[in-house]
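Novice: Have a look at the structure that comes next, please.
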Amino acid sequence: MAKFQKGNIRTGKIKQWRVGEYLRLSKDDLTAGTSVSIGHQKAIIHDFLEADPLQFTLVDTYIDDGISGATTEHRDEFKRLIEDVKSGLINCVITNDTSRFARNVADAEYYVNTVFPEYDVRFIALSSPRIDSYEDPESVDGMQFHFENYFNEYYVKMTSKKIRKVFDMKFKKGEFIGSYAPYGFFKDPDNKNKLIVDEEAAEIVRKIFDMFVYGKLSMRAVAMRLNDMGVLPPREYKETKGITPASRAAKIASWHYSTIRTILSDEKYCGHMVQGKLKNISYKVKKAKRQDPEDWVIVRNTHEPIISDELYQKAQVLLVRPSRAKNNGEKSLYSSFLYCERCNHVLSRGHNKASGRYYQRCGFHEMTRKCRPLYISEQQLSEQLLFAVKSQIVLVTEMDTVKQKILSSGKFTDDSKILQSNLRQLEKAREKLEAKSHRLYDDFDEGVIDKDLYVSRSTLLKQEIESVKDKIAKIQIEMRQFKKVQTTTDDYAERFKKYETVSEITRELLVDLVDKITVDKTVNPNGNRQQQPRHIKVSFKFADEHKALMQFITENAPQYGEGKLVAM
C-alpha cells in the first residue's frame, strides 16, 4: 500500500482518495468492558483500503488512545486531523464506526455535515451501520445517522453513570482508585486498591510534619530545607522508582510551598482513605470541580498510618492560623499563638539592637494606629507564661488525683455495681412487659378479648414500657458519662503531667497544651516603651475535657469525701 507524500497533492477531478484514518479508544470503553483495540480498528480499515488500492491511498494515521470521544477538547490527534482536512492534505476520513469518530451529537453532525462538505471531504464509517458521504449521501443526512449519534452520546452518558456508581462503591469501601499512590505510599502489588507504606518516602513525610509543627518552620522554609538536603520531590522520586513515566520537560527538580501544603493537608497519612475531593462537572465536560469537605468520602483505618492523628490535627490547627516568619522562613517561638487582647490581631516580633532582646508588639497598631500600642519583652512573656503553665499543670494534676480517688473509692464502686444491677433488672422488666403486650394482641386477634378491653390494657402497657425505657435511658446516660470522664480525661491529664518538670517554654509545649495567648495593657502614660507589668491570658487546649472533669468532681467529690477544686 503506497504511502502518500505531503508534496503530492493532486488537483482537478478526484480519481484517488487521500485517506486519513482516525482511531480512538477511551478509558471508559475499557472500564465498561467494550474493548475495540486500536490494532483491531486499524486492521479493519487496512482490509478495506487494500481491497481497492487504486482508489484509496493512506496519507496519515491519527490515534487518540485512552481519550473520551465526548468532546474534542483533549483529542490532539483529532484536532490535527481537522487541520489536515482544512489544508487539503487529506480529502477522505475513514474510521471504524461513528462512535470512534465522536460520541457527541453536536460534534459528529457539525464535522460530517458542515466542515467536511465545505472542504469536499468524504467521510466513511465502516462498521454497521455503514456510513459513506460520497457513495451514499443519504447515510449522513438520514435519520439513521442522527439516531446513531444520539445513541453514541447516550452510551457515553450511561457508561459515565455506571463508572461513577462503581467509583462511589469503591469510595465507601475505602478502596484507593487513583492512578498513582500518594507520596509516601505504594500500591499493594496484591491489591491495587490498597495502600502500603513506602518507608523511604514516609520518612520524609514524617520529617515534613515534624519541621512544620515542632520545628518553627513555615511551609516555604520546609521546602527550602528539603531542597538544601537534596531530597527529591514527589514527581521526580516516583520517576526514579519507575512508578511514573519520566517527564519530557527539562526542569530543575525542587520542592515548593504548594507541595508541602498538599502533604500537610492529606489525611491519608493518618491511615484514613479520603476521596471524592474532585468531581467531573459532567460526562461532556471533563474538567473537575472541587467538592465541599462535607461531601468528601472518608473511611477510617484503611491502611497503615505514617503519622499519628494527633500530629495531623496539630498541623491542621497551625495551617489556618496567621503567623509571621523571618526572611529565612523560620518562625519565632510564639508564632501563631500570640494575639492582642484588644484588636485580636496576631502580634509581630521585634528586636531591640541596643539591648539585644526580642519583644512582641501589636502589628495592627504599627500599621494603622487604630489599636493602642502594645509591647512585651519575650523574656517577660516567657516568665508569665511559664508560671501560668505550671499553675495549670498543678491544677490538672490535683484534679486527676481527686478523680482517681473517687473512682477507686469503695462507695463509687458499689454505686457503679448498683447502676449495673438496676439496668439489668429494668431490661428484664421491659422484656416481660413487651412479651405481655404481644400476648395481649394475640388474645385480641383470636377474639379472646374485645377491642375496647384491648385498647385499654394496651394503653396502660405502653405507658409502663415507656416509663421503664426512660429509666433505662437515664441509667445508660449516667454510665456513659462515668465512662466518658474516665476515657477522655485520662489522656487530658497525661498531656499536662508530661510537662510536670518543665523549666522553659518550648515550641512542643505550646503546640501540645496552648490554644491561644492574648496580651493586654499599654505603654506607660509618658508614651515611651518602658515596660509596665503585663497581663497575659492563656487559653489552654482540652477545654471540653477540663469542663467534664470539673463537673464530675463537683458532682461526686462531696458524696465520696473529697474536697472541691477551683478552676483557673
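Novice: Report the FRET efficiency, 1/(1 + (r/R0)^6), for residue 459 and residue 502, where r is their Cβ-Cβ distance and R0 is 45 Å, rounded to 0.05.
Specialist: Computed FRET efficiency for residue 459 and residue 502 comes out at 0.10.
Novice: Grab the beta carbon distance between residue 515 and residue 343, set R0 = 22 Å, and tell me the FRET efficiency rounded to 0.05.
Specialist: Values: r = 19 Å, r/R0 = 0.85.
It comes to 0.75.
Novice: So how far apart, in nm, are the two label points at residue 253 and residue 401 if each is 7 Å from Cα heading toward Cβ?
Specialist: Going from the residue 253 label point to the residue 401 one covers 5.7 nm.
Novice: Report the calculated FRET efficiency for residue 165 and residue 50 (r = Cβ-Cβ distance, R0 = 41 Å), to the nearest 0.05.
Specialist: E between residue 165 and residue 50, to the nearest 0.05, is 0.45.
Novice: For the modelled label position 7 Å from the Cα of residue 177 along Cα-to-Cβ, which residues of the stretch 194-234 have backbone nitrogen atoms closer than 20 Å?
Specialist: Of the residues in the stretch 194-234, 194-196 have backbone N under 20 Å from the label point off residue 177.
Novice: Which order, highest average first, do 105-116, 204-215 follow once you tally other Cβ atoms within 10 Å for each residue and take the mean per peptide?
Specialist: 204-215, 105-116
Novice: From the backbone phi of the stretch 508-514, what are the Karplus-calculated ³J(HN,Hα) couplings (6.51 cos²θ - 1.76 cosθ + 1.60, θ = phi - 60°) in whole Hz, Gly and Pro given as x?
Specialist: Running phi through 6.51 cos²θ - 1.76 cosθ + 1.60 with θ = phi - 60° gives 4, 4, 4, 5, 6, 10, 9 Hz.
Novice: Run the accessible area of the stretch 432-477 with a 1.4 Å probe and give the carbon-and-sulfur part as a rounded percent. Display every interim value, and only then the final one.
Specialist: Details: 1750 of 3480 Å².
For the stretch 432-477, the apolar C and S fraction of the accessible surface comes to 50 percent.
Novice: Once you have the Cα-Cα distance between residue 42 and residue 450, take 0.36 nm times their residue separation minus that, and quote the gain in nm to one decimal.
Specialist: 138.6 nm
Novice: Quick check on packing: order 546-555, 46-55 by the mean number of other C-beta atoms within 10 Å, highest mean leading.
Specialist: The packing order, highest mean first, is 546-555, 46-55.
Novice: Let me ask something else about it. Pull up all non-local amide H partners of residue 68: gap of 5 or more, or a different chain, and H-to-H distance under 5 Å with H placed in the peptide plane.
Specialist: Amide H neighbours of residue 68: 27.
Novice: Under a 5 Å amide H to amide H cut-off, with H placed in plane at 1.01 Å, what residues pair with residue 514 once short-range neighbours are removed?
Specialist: Excluding prolines and chain starts, which carry no amide H, the hits are 541.
Novice: Also, quick follow-up: Just to be sure I understand the model, the point goes 7 Å from the Cα along the line to the Cβ. What's the resulting residue 424 to residue 470 distance in nm?
Specialist: Each label point is offset 7 Å from its Cα along the Cβ direction, giving 2.7 nm.
Novice: Over 32 Å between C-alpha atoms is what I'm after, so list which of 471/537; 498/537; 353/498; 170/469; 268/541 land there. Mind dumping the intermediate values first?
Specialist: On the way: 471/537 44 Å; 498/537 22 Å; 353/498 37 Å; 170/469 40 Å; 268/541 25 Å.
As for pairs spanning more than 32 Å Cα to Cα, those are 471/537; 353/498; 170/469.
Novice: To continue, here is another question. Pull up all non-local amide H partners of residue 357: gap of 5 or more, or a different chain, and H-to-H distance under 5 Å with H placed in the peptide plane.
Specialist: Residues meeting the criterion, in which the H sits 1.01 Å from N, are 352.
Novice: State the extension gain, in nm to one decimal, for the chain segment bounded by residue 357 and residue 547, taking 0.36 nm per residue of separation less the distance between their alpha-carbons.
Specialist: Result: 64.5 nm gained on full extension.
Novice: Label-point separation (nm) for residue 320 and residue 106, each offset 7 Å from Cα along Cα-to-Cβ?
Specialist: Calculated label separation equals 4.0 nm.
The values are calculated or read from the model by the stated rules, or taken from the named source; none is laboratory data. Just so it is clear, the model here is predicted, and its values are computed rather than measured. Note that we place each Cβ from the backbone using ideal geometry, even for glycine, and neighbour counts take in every protein chain shown. Each accessible area value is taken on the protein alone, full model and side chains, heavy atoms only, with ligands, DNA and RNA left out. Shrake-Rupley method; radii C 1.70, N 1.55, O 1.52, S 1.80 Å.
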